[in-house]
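The values are calculated or read from the model by the stated rules, or taken from the named source; none is laboratory data. Everything numeric here is computed off the predicted structure, so don't read it as measured data. Backbone-built Cβ (ideal geometry, glycine too); neighbour counts: all protein chains shown.
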Amino acid sequence: MNKKVLLASLLLTVGLTGIHTSNAQTNDFGNPKLIHYLNKEHTRYVSFSGYAELWARYTQLNPGSLINNESVGSVSDLSLRRIRAKMTYKPTENLYFVLQMGPTNVNVNSKNNTYMDLLDAYAEYSFSPKLAVGAGRSTWRGLSRFTTGPQATLLYDLPLYATSNTGITDMTVREMSAYIKGQLGRFDYRLVLADPYTATTADPALNVAKFSKNEARKDISGYFRYAFFDKENNETPFNAGTYLGKKKVLSVGGGFEYMHHALWHLDANKAIQNDDMKSVALDIFYDAPVNKEKGTSISAYAMAVHNDYGPNYIRFSGTNNPATGIVATSASLNGAGNALPTAGTGNTFYAQIGGTLPYFSRNNHNLQLQPAVSVQFADYNALKDNSAIYDAGISMLFHGNSSRLTFDAQNRPIYNSNAVSESLVTDHKWAFILKYRIDFN
């Protein structure tokens, strides 16, 4: 039997076992959680969880985009953005093991790449709430609140700046790493030492930094935050994008990421110069109820990050890109499909705000609307015009964050070079995404 199929079967067996052996906790659907306790004190357990995200979208494609061999200006498609199956095993009060699998970006372009990929496999030992150490393949990393990826996002997905190096130094936001973390009262910290992947094939260019072909140095990162009201759980690397007013949270954080000689470029004398990757970020997150009886709440997040990749580094990338190629003679700087400015040397600012509206019924607290908007602004050194990306959306919450339908409209800039090689915004394109997410736990 295929090893990946066998492993997925084992995970499913554990989950189904949990259904029949635990009624101590319930999920957003009011059902028993998929958890099997190993002792009477409920301090040791095996649990099963996961989620699936289905996208239906209409996308105005970047100039020159190809679908197979045809030049196409827009496309509508269905895709599975993420499918996750996770097993958590806690054999003792101090030891914790996580195994997670699942494919990402399953669309019409990925018929030969829909495997149940190994995502997370790491162990953690907790000496106390103040100190835990872990190692393996995981999303544990620093810099900012959302660098580790999505959990209960306010809009349809995380902004791409948050995981800006994905696919270059990591695999699906994962690296082999060791970390320490803990909570000292209201102060929460994590420090991570990772081995980045080396998947780049770029030669050094004149005065334009690119990720190097040389040996990858360690990826060092950290994130620190202070909770003014309710404390947040730091059991997993992920941070909530919204609590729907179930908590009152005001969290102020800061972080960094550093890789020595991660990039290179050619100077004026055509000599190779190595560039360090250096990033620092500050952010603030607020989520609180407005009227608990009506179910209204507010959620807001703001972030500022300074990235130094070396001279004129810029990256364009597209989430779940529907295009298969591009006609070089008619292409913009964005590249194929839905690619937009993701990261570069310079400053990026991001803000989002939203909140839940009153329950549809006083007797039924399941149905609820949550509108939200966001803006991402960046002044990249490689681009003459600043980048601005706008999102506006609304979610129908059927069962909290565990069953939600989100509609999002996104506007992105299109860049082209003028006669003196300045990168200017020459157009804007739209994307409309309808996402349904269901959690199982």
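Quick notes
- Evaluation of Thr163 against (1) touching a residue at least 24 places away in the same chain (Cβ under 8 Å); (2) closer than 20 Å to Thr198 by Cα (one fails), failing number: (1)
- Only one entry of Thr406, Thr348 meets the criterion of being under 21 Å from the mean Cα position of the chain (by Cα) and closer than 27 Å to Leu333 by Cα, and that entry is Thr348.
- Pro289 surrounded by 22 or more Cβ atoms within 10 Å (Cβ to Cβ), assigned to a strand (DSSP E or B) and not β-branched (Val, Ile, Thr): no
- A search for C-beta distances below 6 Å between a residue of segment 359-387 that is within 30 Å of Arg315 (Cα to Cα) and free of Cβ contacts under 8 Å to residues at least 40 places away in the same chain and any residue that is loosely packed, with under 15 Cβ neighbours inside 10 Å and charged (D, E, K, R), counting only pairs 6+ apart in sequence or on different chains, returns Asn386/Asp379.
- Test: residue in segment 393-407 that is farther than 30 Å from Glu53 by Cα and touching a strand residue (DSSP E or B) at 6+ places or on another chain (Cβ under 6 Å): no
- Of all residues in segment 262-279 being among the hydrophobic types (A, V, I, L, M, F, W, C) and out of contact with any Asp or Glu (no Cβ under 8 Å at 6 or more places or on another chain), the one that is surrounded by the most Cβ atoms within 10 Å (Cβ to Cβ): Leu266
- Top-ranked residue in segment 255-272 [being among the small types (Gly, Ala, Ser) and in contact with a strand residue (DSSP E or B) (Cβ under 6 Å, 6 or more places away or on another chain); ranked as nearest to Asp219 (Cα to Cα)]: Ala262
- Residue match in segment 404-419 (condition: within 30 Å of Lys210 (Cα to Cα), outside any strand (DSSP E or B) and hydroxyl-bearing (Ser, Thr, Tyr)): no
- For segment 163-193, the candidate set comprises residues that are more than 16 Å from Ile220 (Cα to Cα) and among the hydrophobic types (A, V, I, L, M, F, W, C); within that set, the residue that is surrounded by the most Cβ atoms within 10 Å (Cβ to Cβ) is Met171.
- Taking residues in segment 221-234 that are surrounded by fewer than 18 Cβ atoms within 10 Å (Cβ to Cβ), and partners anywhere that are of a type in the set (Lys, Arg) and assigned to a strand (DSSP E or B), the pairs with Cβ atoms closer than 8 Å and at least 6 places apart or on different chains are Phe224/Arg190; Asn234/Lys181; Asn234/Arg190.
- Residue list for segment 194-217, restricted to those being in contact with a Leu (Cβ under 8 Å, 6 or more places away or on another chain), crowded, with 16+ Cβ neighbours inside 10 Å and either among the basic types (Lys, Arg) or over 28 Å from Asp283 (Cα atoms) (or both): Pro204, Lys210, Ser212
- Subset of segment 25-62 (residues that are modelled with pLDDT under 95 and of a type in the set (Gly, Ala, Ser)): Gly30
- Being modelled with pLDDT under 95, farther than 21 Å from Thr348 by Cβ and touching a His at 6+ places or on another chain (Cβ under 8 Å) is not true of Asn207.
So that you can scan it fast, the table gives a plain yes or no per residue for (1) more than 30 Å from Leu80 (Cβ to Cβ); (2) under 24 Å from the mean Cα position of the chain (by Cα); (3) free of Cβ contacts under 8 Å to residues at least 60 places away in the same chain:
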site	(1), (2), (3)
His265	yes, no, no
Asp275	yes, no, no
Ala281	yes, yes, no
Ser297	no, yes, yes
Pro311	yes, no, no
Arg315	no, yes, no
Ala323	no, yes, no
Ile326	no, no, no
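- In segment 199-251, the residues that are farther than 27 Å from Asp170 by Cα and part of a loop (DSSP other than H, G, I, E, B): Phe228, Phe229, Asp230, Lys231, Tyr243, Leu244, Gly245, Lys246, Lys247, Lys248
- Residue in segment 367-375 that is in contact with a Pro (Cβ under 8 Å, 6 or more places away or on another chain), among the small types (Gly, Ala, Ser) and either part of a strand (DSSP E or B) or at negative phi (or both) present: yes
- In this entry, Thr319 is excluded by the filter for residues that are touching a residue at least 60 places away in the same chain (Cβ under 8 Å) and more than 23 Å from Pro196 (Cβ to Cβ).
- Selection within segment 84-122 - among the hydrophobic types (A, V, I, L, M, F, W, C) and more than 27 Å from Glu53 (Cα to Cα): Leu95
- Positions within segment 323-337 being within 17 Å of Val75 (Cβ to Cβ), polar (S, T, N, Q) and either surrounded by fewer than 22 Cβ atoms within 10 Å (Cβ to Cβ) or touching a helix residue (DSSP H, G or I) at 6+ places or on another chain (Cβ under 7 Å) (or both), in sequence order: Thr324, Ser330
- Search result, residues across segment 126-155 that are without any contact (Cβ under 8 Å) to a residue 60 or more places away in the chain and not in a loop (DSSP other than H, G, I, E, B): Ser126, Phe127, Ser128, Leu131, Ala132, Val133, Gly134, Ala135, Gly136, Arg137
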